[in-house]
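Notes to accompany the following structure.
The values are calculated or read from the model by the stated rules, or taken from the named source; none is laboratory data. Quantities reported herein were computed from a predicted structural model and do not represent experimental measurements. Every residue, glycine among them, receives a Cβ derived from its backbone with ideal geometry; neighbour counts consider all protein chains shown. Quick note on the areas: whole protein, heavy atoms, side chains included, nothing else; ligands and nucleic acids left out. Shrake-Rupley method; radii C 1.70, N 1.55, O 1.52, S 1.80 Å.
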Amino acid sequence: MRTQMLGRISIDRSRVQDELELGRDFHYAEQYPEFQSGQPWKTCMIWSCGGEVGDGVIAHYDTSLPAQPTVYGKQLPYLRRLIEESVVVEHLRFARLVVMTDAVLLPHRDFLEFTDKPTAARAAHRLHVPLTTDETCLFMEDGTVYRMFPGELWSLDVSRMHSAAVLSDIRRVHLIMDFADLPDHALLRIERNPVQGIPEPNLVHRPKLTDEQRTAIRALAGVVDLENLNEVFGIVIRKSYRADGGERFAWDAMSEIARDAEDPAVGARIEELYKVCALERNE
């Protein structure tokens, strides 16, 4: 399923905010630190296979068990109703509240851990519903930057290289749902948007990265080391959301920086990160 805005959900923002305030006391797991730069990316499982909260890493759940609300999901009746009225919950595997603040994610691919699993056991489709967001909350897929607006229901092709950014201190919250491997039309209860792909109003148009900016970024090789590698990568990714350096800009720039770095361990670490982010992952 290609990335696209599938439709819109009518949301009572006041009720959503009330439940998100209640949910602040829930346990949010901090996962995949190697995928991010900035404040922690946090998730709270509200619907899962077996109904267990667990550790939030979807590869750790038994996908042969029926999915149902967790102890946290049962405390959020309005969000639960939104889910049940918008999608076919019989095909739902996981639903999570995902919080980001002042952070960027390394460009990566998802569902790599399910490659060897039978079709019936896979989580294969990912849908997003923005609950709290603003203009500083951005997404990128293969060099295309876009925004999701509150109440929109999005399908993300997470098999492609993608990233997310929150370039402010807003507490951005998304409802993220993962589904079984079925056609997208079998997952929805709402009317589907007939427009394919990313709508023009959601696209973010950036100026081209200048030669001077590219030179300045490569010069980060003079200061990068294993201790600050995460911060340097964050600088490069943040720049990619403000200026268009090309489809593979962040990884190509970090490879160049690592090549010129004094410590060869930096290059080895970038190769390791790329393998985990884009090629193969155990969990």
Compute the length gained on full extension between ARG24 and LEU65: take 0.36 nm times their separation in residues and subtract their Cα-Cα distance, giving the result in nm to one decimal. 12.0 nm
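Tell me the per residue accessible area of the chain using a 1.4 Å probe; a whole number in Å² is fine. Let's see the in-between values first.
On the way: 12970 Å² over 283 residues.
That works out to 46 Å² for each residue.
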Does anyone have the angle between helix 264-274 and the longest principal axis of the chain? Alpha-carbon axes, 0 to 90°, nearest 10? 30 degrees
Identify which of ALA268, ALA29, ALA124 has the largest mean-square fluctuation in a Gaussian network model of the chain, with springs joining Cα atoms closer than 10 Å. ALA268
Selection from GLY151, PRO66, PHE233 lying farthest towards where the dipole of the chain points positive, charges on Cβ: GLY151
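Over segment 15-98, with every protein chain in place, what whole percent of the accessible area is carbon and sulfur at 1.4 Å, could you tell me? Provide the component values of the computation, followed by the final result.
On the way: 1780 of 3700 Å².
Ligands and nucleic acids excluded, carbon and sulfur reach 48 percent.
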Calculate one ³J(HN,Hα) per residue across segment 74-83 by plugging θ = phi - 60° into the Karplus curve 6.51 cos²θ - 1.76 cosθ + 1.60, and present them in order as whole Hz with x for glycine and proline. 5, 8, 10, x, 5, 5, 4, 5, 4, 4
Name the long-range amide H neighbours of ILE170: under 5 Å, sequence gap of 5 or more, or other chain; modelled H, no Pro or chain starts. ASP102
Of MET140, MET254, MET161, ordered by accessible area with the largest first and a 1.4 Å probe, the sequence is MET161, MET140, MET254
Taking a ≥ b ≥ c as the square roots of the Cα gyration tensor eigenvalues, with a/c under 1.5 meaning rounded and otherwise prolate when a/b beats b/c, else oblate, which class fits segment 178-283? oblate
What are the residues whose amide H is under 5 Å from the amide H of ASN193, where those residues sit 5 or more places off or on another chain and H is modelled from the backbone? GLY7
Tell me which GluC sites (Glu not before Pro) from segment 188-249 have a DSSP coil assignment and no more than 12 other beta carbons within 10 Å of their own. GLU191, GLU227
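What's the FRET efficiency of HIS205 with GLU262 using the Cβ-Cβ distance as r and R₀ = 41 Å, to the nearest 0.05? All intermediate terms of the calculation are to be shown ahead of the outcome.
Values: r = 38 Å, r/R0 = 0.92.
Taking R0 as 41 Å, the efficiency between HIS205 and GLU262 is 0.65.
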At a threshold of 8 angstrom on Cα-Cα distance, excluding pairs fewer than six apart, so keeping six or more, what relative contact order does segment 155-273 reach in percent? 26 percent
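Using a 1.4 Å probe over the heavy atoms of the protein chains, calculate the carbon and sulfur portion of the accessible area of segment 142-225 as a whole percent. Display every interim value, and only then the final one.
On the way: 2100 of 3880 Å².
Of all accessible area on segment 142-225, carbon and sulfur atoms account for 54 percent.
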Computed [θ] at 222 nm, helices only, for the chain once each DSSP H run of length n ≥ 4 contributes -39500 (n - 2.57): -7000 deg cm²/dmol
Reachable aspartates and glutamates from LYS208, criterion Cα separation under 18 angstrom, eight or more residues apart if same chain: GLU141, ASP142, ASP244, GLU247, ASP252
Measuring from the longest principal axis of the C-alpha atoms of the chain, the long axis of helix 13-23 (C-alpha) lies at a number of degrees, nearest 10, equal to 80 degrees
